[in-house]
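The values are calculated or read from the model by the stated rules, or taken from the named source; none is laboratory data. Quick caveat: nothing in here was measured; it's all calculated off a predicted structure. A quick note on method: Cβ atoms are made from the backbone with ideal geometry, for glycine too, and the neighbour counts reach across all protein chains shown.
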Amino acid sequence: MAATIVATHERATAAERILRAAMILFRERGYHGSSMRTLARALRMEAASLYYHFRSKQEILFAILDRTLDDLLAGVGRAVASADGPEARLRAAVRFHVLFRTDSQHQAFLSHSELRSLTRGQPPDGPDPPATNTSASSAAFWPPVPAPASFRWPTCA
């Protein structure tokens with residue numbers, strides 16, 4: 001049992017190292033200018049060892065972008081939850097987003113510059129998500145958008 005826990009911890013630690021190194025490499029060279037071999041060299045490991053942790057370079061990019069979005073949404077959720085009223089919630093969301101961009105520059109840069117590098121089709125862990133956002137966590141602070149036919153602009157008095 002202890003060997004399993006240690007092995008799992010070592011895999012998680014190696015995966016974290018790979019993601020951090022990939023983030024730096026993708027920022028310096030771009031996703032398409034980076035290879036698994038270059039990433040492995042930066043980590044001082046064999047290229048084949050990367051595939052023990054990630055099936056492809058695409059899966060590495062997806063993991064980075066997925067984590068970045070999770071961190072951003074969780075932070076915006078906390079910021080919005082601590083604010084009272086719609087204006088305060090909007091200010092809190094914008095403030096957190098700006099601070100996130102400055103505090104997490106590598107992740108934020110990649111989320112904007114390399115999102116286009118993800119290929120369409122099957123993400124690494126399953127089929128495409130539905131076209132509409134159905135996540136319970138986002139519904140807590142993003143109200144549903146009204147259908148165009150039912151939307152009416154408010155009138156000014």
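A few notes on this one:
- Number of positions in region 77-115 that are in contact (Cβ under 8 Å) with a residue 40 or more places away in the chain, over 30 Å from residue 29 (Cα atoms) and not charged (D, E, K, R): 4
- Residues being surrounded by fewer than 15 Cβ atoms within 10 Å (Cβ to Cβ), farther than 16 Å from residue 67 by Cα and modelled with pLDDT of 85 or more - total across region 85-125: 11
- Scope region 19-33; condition outside any helix (DSSP H, G or I) and within 10 Å of residue 114 (Cβ to Cβ); matching residues: 30, 31, 32
- For region 42-52, a tally of residues being more than 11 Å from residue 22 (Cβ to Cβ) and either surrounded by 15 or more Cβ atoms within 10 Å (Cβ to Cβ) or modelled with pLDDT of 95 or more (or both) returns 1.
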